[in-house]
Amino acid sequence: MKFLPLEQNSDEWMEFRKGKISGTRLGDIYAKRGGRKIGFYETIAERLSTERDDEDRMARGLRLEDDAIAKFEQVTGKKVNKGGVCVSDVDSRIINSPDGLITNDGKTTEAVEIKCLSPARHWQAVIENKVPSEFESQAIQYFVVNTDLQTLYFVFYDDTNNYVPFHTIELTRDALGDAPQQMLDFQIAQLKEIDEIVERYSF
């Protein structure tokens, strides 16, 4: 073992720990049942992404969304229409707020969802090449509300990433199978139950 006389929590100590597995970091990496935890991707981000101050997640997303859409348009050659809310024809209380919509032959058959995550979460999306589980229902909702939708581009953008700042995962209606219909049925059932509860307590 080698010992380094670094003062804990000093700038030198913090800098030395970057990209390494410490006892604290090990708890964020080690998984008894296998798989990778977020500490694995944090270690990668410390080595491959530019250091930045912590930033509120919502503020970060708003700051970078236009850049991400511009990059998507540059890479794909597709024109993205921003803003608005999509409302289901089945029930007007089932909605979706898309980051971008793409029209083909008069129908909105493609859409864009932008995610500007932390450097570690961005690397996780790039390496695993799948939509994080926490965003799966959000992705399915695009297809629930818009029955014309065939493809959703889940775009990950991180301006601190020096190697893969832009990454896109394509989700198609065919690949989702029955998931949109199941999610629609679930929402209809939930809204019915909510209506019953509201009626019970509002009179």
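Every number here is computed from the coordinates shown, using simple stated rules; none is lab data. This is a predicted model, so every value here is computed, not measured. All Cβ positions, even for glycine, are placed from backbone atoms using ideal geometry, and neighbour counts span all protein chains on display.
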Once you have a ≥ b ≥ c as the square roots of the Cα gyration tensor eigenvalues for the stretch 54-202, tell me rounded if a/c is under 1.5, and otherwise prolate or oblate according to whether a/b is larger than b/c. prolate
Two-site FRET efficiency, VAL164 against VAL87, from Cβ-Cβ distance with R₀ of 35 Å, rounded to 0.05: 0.50
Under the definition of Cα pairs under 8 Å and six or more residues apart, what whole-number percent is the relative contact order of the stretch 54-202? 21 percent
